[in-house]
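First the structure, in the form of C-alpha cells, and then the observations on it.
The values are calculated or read from the model by the stated rules, or taken from the named source; none is laboratory data. None of the values given here were measured: they were computed from a predicted structure. Glycine also receives a Cβ, built like all others from the backbone with ideal geometry; neighbour counts cover every protein chain displayed.
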Amino acid sequence: MSEQIDQALARKYDAGFVSEIESDTFPIGLDESVIRRISAMKEEPEWMLQWRLQAFRSWQKMKEPDWAHLGYEKVDYQSISYYSAPKSMKDKPKSLDEVDPELLRTYEKLGIPLHEQEMLAGVAVDAVFDSVSVVTTFRAKLEEAGVIFCPISEAIQKYPELVKKYIGSVVPRSDNFFAALNSAVFTDGSFVYIPKGVRCPMELSTYFRINELNTGQFERTLIVAEEGSHVSYLEGCTAPQRDENQLHAAVVELVALDNAEIKYSTVQNWYPGDENGKGGIYNFVTKRGICETNAKISWTQVETGSAITWKYPSCILRGDNSVGEFYSVALTRGRQQADTGTKMIHLGKNTKSTIISKGISAGNSSNAYRGLVKMGPKADGARNFTECDSLLIGDRCAAHTFPYIESSNPSAIVEHEATTSKVSDDQLFLCQQRGLDTEKAVSMIVNGFCKEVFKELPMEFAVEAGKLLEISLEGSVG
Amino acid sequence: MMLTIKDLQASVEEKTIIKGLNLTINPGEVHAIMGPNGAGKSTLGYVLSGREGYEVESGSIQFENQDLLEMEVDERARAGIFLAFQYPVEIPGVSNMEFMKESVNAARKERGEEPLSAAEFLKTAKAACKQVNLPLDFLKRGVNEGFSGGEKKRNEIMQMILLQPKLCILDESDSGLDIDALKVVADGVNSQRDGERSFLVVTHYQRLLDYIQPDYVHILADGKIVKSGGPELAKEVEVSGYAWLEGHEEASA
C-alpha cells in the first residue's frame, strides 16, 4: 500500500515558476546601514528608523532558538539580501494600469486576478511581491465603511499615530530571535484598521509572493479592531521552486479591543523543497493576538508548504470573557518538517480557548504539535479544550505532540485529547472498491480528517484549502 | 458470459486458500456460495475484487471478456464489480453523501457519462436511503461512523443500489442481522434483479436464501466447489449442516 500512496503523493509544485522581473535588490548582508537604507527607501519617519535600530541591536545579542523539533542547517544571515523590489514599482504606480503587466500576470497565474471586476466578489486583496506591496484592491469601497486596508509602509506615513500606538504592542520588538530580526528589517505587509462598531463589509486578504533569489521576505501585518468591530482576514503564500533555501520571517500582530472579533485565516503553500529536501522556504513566523473584554480572536491555518515551519499563532486573553481559538491543519510530506501549534494565555476571568490541531505526515516528513495553555492566577473559571490529532500516511514519517499546561488557578479547567491514526488498508480498499483511485481515496480520507478545521475557514477558502490538500496529495498540480 | 473463473488457485500470506475453483456466472443469475467457516468464501470475494495481499497463484478470471487479473481494484469496481463488505470500515469526517457521489461519478466517468449534479444525486440518494429503510440523516453522517452492524449492512446495499453494478458480491450480508433487517437487505437485493445484473451471494446460513432466491447453490469446502445444485441444495445444508461433506472436515473459524 505505501508504494501506491507514495505515487499518489509525488506531486509537482505548480506555483514554482519564476517571474522575469527586473528588480532592485540590495547586496547581501546585514548591518545598520542596510536598515537605514530600508527605512529611507520606505521614506519612514525618524521614530520608525530608531525602532528598527533598537530591534536590530537586541537581535545581535540574541541566539537562534534550537528547542524546536527541527533539524536544518542554520541560516547565514549575512548571505541573504534584505530588500528586493521590482524596478517598475519605484515610480509608485497610481493605478492598476500603471503596474507592470508581468507582475499582474504573476498573480493571475497564481489564480489571483488583481482587476477588481475579475476578482472573487467580496474579497479585497493586498498583493505583496518580495519586499513591496504591488496593489491593494477595493480600497475605495472599504474607505466608505471607514476601514483602512493598505500596505504597512504606507500606513507608517499616513497613519503614524495608529502604527506607533500598536506596532510591537503585541509582539515586542525583542520578543524572540526571529521577531527581532523582522522588527529590524521588515519591508512590507498589510495594515488593517476597523473603526468602532464597524463590521468590515468584505473579506480582507493578503497574498505574499517571494520571487527574487537569495532574498528573505520579512513582512509585518498589523490588524487593529476597535471596540465592537468585526473583521475576517486571510493570507496566502507561494514561492518559486529553487534549489536554495529561502528565508521567510514574518510578524503578525492582532489587537481586538472590547467586544471586537478578528478571524485570521492562513493558507500557506510556500515551496516545500524537492523529494530529497533540497530547496524550500524556511518559515519562521511569530503571530500573536491580544483580546480585551469579550473580544474574540480565531486563528485558522492550513499549512501545506515550506521546508521548515516554525509557527505558533497565539492569543493573550487579557480581558474577561474573551475567547481564543486555534484551528490548524498541517500537512508535511517529502522531507518537510513542521513544528507548529499555539499558545493560549488566559489572564482574564471566564476566558475560553479551543485548540483543534490536525497534523498529517506522509513520506519522510516530521510533524510536531507544540502547544501551551497557561492559566493565570486571576483567570477564575477559565476553560480550555484541546484536541490534537495526528494522521500518518505510510511508515517512514513521524508525528510528535508536545503539550504544555501551566495552571496557577484552581478553578480553571483544561482538557486535552490526542489521537494518532493511520490511513488504514481497509479504508483505502473500501474507497477503491467503490471505484475511487488511490489519489482520490487518500485525499478524501485526509479531507475527512481535516473537516473540523475546514469548516472554520471562510467559505471561498474552505473550498480552496480542500483543493490545495487534494492537489498536494494528487501529483497533478500544486 | 458475465464471469468465468477457471482453475483458480489463490493464497493469503503464502497459505493457499482457494485450491482449483471453477465457476461460471451468466447475466441475470444469482449464485449462492455456501460452506463451512474457513472454506475460502470471503477470500473468493476479495480475490474477485482484487484486494492487495490476495495472491492469484494460477488460473484465470474473465469478466465480460476482460482479463480481470490485469485490472486494479478501482478499475474492476468501475467496470461493474461491487463487493458488499462483511465488516464495512469507518471513514470519519467523510459524509456518506460525498463518498457515494464521488463513487457514482467515478463510475459514470468510466462509462463516458456526465457527472451527476449535487441536486440530481441528492434525489437518487434519498430514494435509495428510503429503500433500505435508513433515516435520511445517514446521508450526512460520516461513512459508517457510529453505525450499528445492521445499519452498516443496509448502507452497503444502499451503495449497491446507487452504483448499479453488473456483478454484486455479497459477503455474508446476513451475518448479525435480525429478521427485519435481513428482509430489508434481501428486498434491496431483489429490487436490483433485472435479468441482467448478476449476484454472488456468499453466506454461511441458508436463512438469507429464503429471501433471496438463488438460481444455483454451490458448496465450497477447503477451497473447492464440492457440490453444485439448485435452491434445494441450500435446504439440504439447512437440514444436515456441513458434516455430510465427505472427506471435508468442517474447519473452525
* Structure fact -> Checked the stretch B:48-71 for anything buried (at least 20 other Cβ atoms within 10 Å of the Cβ), of a type in the set (Gly, Ala, Ser) and more than 7 Å from chain A (Cβ to nearest Cβ); matches are B:Gly50
* Asked: Would a scan of the stretch B:72-79 turn up a residue that is within 14 Å of chain A (Cβ to nearest Cβ), of a type in the set (D, E, K, R) and more than 17 Å from the chain's Cα centre (by Cα)?
  -> yes
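Looking only at the stretch B:164-181, filter to residues that are crowded, with 21+ Cβ neighbours inside 10 Å and at pLDDT 90 or above; which one of those is farthest from B:His31 (Cα to Cα)?
Initial filter on the stretch B:164-181 (crowded, with 21+ Cβ neighbours inside 10 Å): B:165, B:167-174.
After this cut, where a residue has to be at pLDDT 90 or above as well, the list is B:165, B:167-171.
On the way: B:Pro165: 16, B:Leu167: 11, B:Cys168: 10, B:Ile169: 10, B:Leu170: 10, B:Asp171: 12 Å.
Only one residue fits best here, namely B:Pro165.
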* Asked: Which ones in the stretch B:80-94 are on the phi < 0 side of the Ramachandran plot, in a strand (DSSP E or B) and either β-branched (Val, Ile, Thr) or facing another protein chain (nearest Cβ under 8 Å) (or both)?
  -> B:Ile81, B:Phe82, B:Leu83, B:Ile91, B:Pro92, B:Val94
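Look at B:Ala118 and say whether it is modelled with pLDDT under 90, closer than 25 Å to A:Val446 by Cα and of a type in the set (A, V, I, L, M). Reasoning before the result, please.
Values: modelled with pLDDT under 90: yes; closer than 25 Å to A:Val446 by Cα: yes; of a type in the set (A, V, I, L, M): yes.
Yes.
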* **Selection within the stretch A:38-80 - among the basic types (Lys, Arg), in contact (Cβ under 8 Å) with a residue 24 or more places away in the chain and part of a loop (DSSP other than H, G, I, E, B)** => A:Lys42, A:Lys63
* Checklist (1) touching a residue at least 60 places away in the same chain (Cβ under 8 Å); (2) part of a strand (DSSP E or B) applied to A:Asn283, failing item -> (1)
* Asked: Being loosely packed, with under 14 Cβ neighbours inside 10 Å, outside any loop (DSSP other than H, G, I, E, B), away from chain A (no Cβ under 14 Å) and out of contact with any strand residue (DSSP E or B) (no Cβ under 7 Å at 6 or more places or on another chain), is that true of even one residue in the stretch B:235-248?
  -> yes
* So which of B:Arg111, B:Arg78, B:Arg51 is free of Cβ contacts under 8 Å to residues at least 40 places away in the same chain and under 19 Å from A:Ser443 (Cβ atoms)? -> B:Arg78
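Here's the yes/no breakdown for (1) in contact with a Pro (Cβ under 9 Å, 6 or more places away or on another chain); (2) crowded, with 19+ Cβ neighbours inside 10 Å; (3) assigned to a strand (DSSP E or B); (4) at pLDDT below 90:
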{"residue": "A:Glu387", "(1), (2), (3), (4)": "no, no, yes, no"}
{"residue": "A:Arg396", "(1), (2), (3), (4)": "no, no, no, yes"}
{"residue": "A:Ala399", "(1), (2), (3), (4)": "no, yes, yes, yes"}
{"residue": "A:Pro410", "(1), (2), (3), (4)": "no, no, no, no"}
{"residue": "A:Leu428", "(1), (2), (3), (4)": "no, yes, no, no"}
{"residue": "A:Cys431", "(1), (2), (3), (4)": "no, yes, no, no"}
{"residue": "A:Phe449", "(1), (2), (3), (4)": "yes, yes, no, yes"}
{"residue": "A:Glu470", "(1), (2), (3), (4)": "no, no, no, yes"}
* **Residues of the stretch A:343-362 classified as within 19 Å of A:Thr420 (Cβ to Cβ) and of a type outside the set (Gly, Ala, Ser), total** => 4
* Restricting the stretch A:324-350 to residues that are touching a residue at least 40 places away in the same chain (Cβ under 8 Å) and assigned to a loop (DSSP other than H, G, I, E, B), which is surrounded by the most Cβ atoms within 10 Å (Cβ to Cβ)? -> A:Gln336
* Listed residues B:Phe99, B:Phe121; which is in a helix (DSSP H, G or I) and more than 10 Å from chain A (Cβ to nearest Cβ)? -> B:Phe121
